[in-house]
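Below is one structure, written out as structure tokens; the observations come after it.
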Amino acid sequence: VGTLAPPAPVGAAAGAGAGRAAMAGAAAAGAGGSAAGAAETALHIFVDDSNIFLNAQRVLQPPAAEGAPPRVFVNRRVRLNVAALAARVQDGRRTVQRVVLGSVAAGAGSSVTAPHWKRCGFEVHEAQRPDGAGEQFVDDALIAQIQAKLGQFRDRGRTLVLLTGDGNGNSGRVSFVETVDRALQEGWAVELWSWRVCTSRRYEDYAREYAEPVCGRPRFVLRHLDDIRDEITWLAEPRGEAEARRAGLEETLARQRREREAHNALRRRHEAEDAAGLQILSESGAGDAERPGPLVRSESEDRLRKEKAEEERLAREEEETVRVIAALQRAEEDDLRSQQRVEESLVQQEAWARQEAEAERLRAEREGGEASLRLAMTLEMEGFTCESCRETLPLGDLFLPAKCACGDAARFCIECLRGWAESQISDQAQVPMMCPGKCAGGVLQQGELNNLVAQRMWIKYLMLERIQPMRDNPR
């Protein structure tokens with residue numbers, strides 16, 4: 001309905017025909033890949049619908065300042081042109097499997113994109129999302145289907161085409177990254193299509209690691225959908241304009257109904273007048289000469305026929321207006337469902353980002369602990385020389401902060417470090433307290449300070465921590 005209707009499909013359901021011809025130029029230029037080399041392979045396409053659709057609405061903006069990270073703008077009017085995307089991904093190549101998995105809110109019929117995927121020949125599966133919760137086990141279902149195909153076809157010459165940027169650990173279960181790794185190990189080629197805003201760094205690492213082609217074709221190809229955004233997305237009508245359009249259509253519908261009711265009343269009055277005239281003539285016993293002639297009856301019948309045709313025309317116009325209003329209402333409902341899915345996706349992606357950051361922190365701590373252990377084993381045999389008092393002491397007197405990067409460069413005994421820490425607290429130095437060595441970045445943790453300094457100094461340090469924000473920002 002106007003701008004609310006998605007663009008016409010590009011190509012047939014399999015992405016061939018006109019869509020294939022339209023994509024040939026871009027494919028030859030490198031944007032769509034090498035069709036000549038890929039034509040020998042069999043494509044297995046798997047789509048994470050929520051990831052692709054929702055991240056299409058997250059548009060990367062230039063950074064506010066040089067060196068700053070790019071900004072993300074959420075535009076909920078963005079819609080996905082599924083037919084164009086399917087045609088671009090397939091690019092006329094032989095496709096033996098097309099699978100889409102997504103989710104819908106509890107009680108909803110289907111997602112916004114599901115009918116379009118089905119028209120393009122994709123097998124669509126959708127799970128119900130519980131109220132107030134995000135997707136559950138949708139990734140697992142898609143991963144299970146991919147793993148089944150990897151186990152079924154162990155020969156070379158097959159390509160896994162995966163549409164997602166999801167690289168999270170999937171709560172300890174098998175993840176997309178592990179599935180891609182297995183496909184590469186078993187000789188499959190992998191094409192991954194995703195939006196830059198959600199592409200995991202693991203896939204970027206794969207693109208560098210498997211950059212060298214094997215048997216004339218690349219092992220792993222990473223394609224960003226941002227490069228073809230204008231081709232595969234469109235903008236829905238703004239909500240304010242849509243509401244105004246709907247209000248105008250409802251006013252038109254009310255006017256059409258009034259016109260049809262008035263026309264029906266006029267036609268019924270004419271029919272009643274004709275019937276009353278015939279009844280009067282019949283009761284008065286008028287002869288044949290006084291009865292209406294053929295010409296009069298013909299004019300009456302013509303008038304009734306025209307009135308009936310006009311009534312049918314008004315009814316058709318009214319039905320068309322009702323259909324347009326219903327389409328607008330469905331579009332508004334789709335917009336609301338889409339907005340809900342975007343918000344749920346943002347919450348979920350923030351949770352995944354926190355999980356990845358926590359995993360990175362634990363990995364760094366583990367690596368730091370291993371380095372400390374190696375240093376401890378060396379010191380156990382040799383002892384150490386304190387950088388402050390310059391005495392050679394046994395290992396038991398060494399204090400090495402867990403977050404310190406000094407390593408062999410600086411070693412302090414417990415007594416020297418305790419005296420230094422207490423003097424820093426007495427002087428109300430900056431918190432958190434930094435390592436006195438040469439690493440210029442090591443931080444003494446709270447637990448380490450608590451075990452190191454006297455109790456009264458520890459209490460004073462906690463007070464310094466509480467007032468530090470006011471010292472940083474006096475206003």
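The values are calculated or read from the model by the stated rules, or taken from the named source; none is laboratory data. Bear in mind the structure is a predicted one, so any value in this text is a computation, not a measurement. Note that each Cβ is placed from the backbone with ideal geometry, even for glycine, and that neighbours are counted across all protein chains shown. Remember, those area values only see protein heavy atoms, side chains included, never the ligands or the DNA or RNA. Shrake-Rupley method; radii C 1.70, N 1.55, O 1.52, S 1.80 Å.
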Count of residues meeting criterion [surrounded by 11 or more Cβ atoms within 10 Å (Cβ to Cβ), within 44 Å of the chain's Cα centre (by Cα) and among the basic types (K, R)] in the stretch 455-475: 1
Condition broken by T199, with the remaining ones in (1) closer than 18 Å to H224 by Cβ; (2) touching a Ser or Thr at 6+ places or on another chain (Cβ under 8 Å) satisfied: (2)
Test for D227: is it touching a residue at least 60 places away in the same chain (Cβ under 8 Å) and more than 18 Å from D91 (Cβ to Cβ): no
Considering residues of the stretch 40-77 that are open to solvent by 60 Å² or more (accessible area, probe 1.4 Å) and acidic (D, E) only, the residue nearest to T164 (Cα to Cα): E40
Verdict on R98 being open to solvent by 40 Å² or more (accessible area, probe 1.4 Å), among the basic types (K, R) and assigned to a loop (DSSP other than H, G, I, E, B): no
Listing of helices (runs of 4 or more DSSP H) fully contained in the stretch 14-83 that carry 3 or more residues being modelled with pLDDT of 50 or more: 49-56
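Here's the yes/no breakdown for (1) modelled with pLDDT under 70; (2) open to solvent by 70 Å² or more (accessible area, probe 1.4 Å); (3) not in a strand (DSSP E or B):
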residue	(1), (2), (3)
L249	no, no, yes
E259	no, yes, yes
A262	no, no, yes
V296	yes, yes, yes
Residue within the stretch 393-405 that is on the phi > 0 side of the Ramachandran plot, at pLDDT below 75 and of a type outside the set (D, E, K, R) present: no
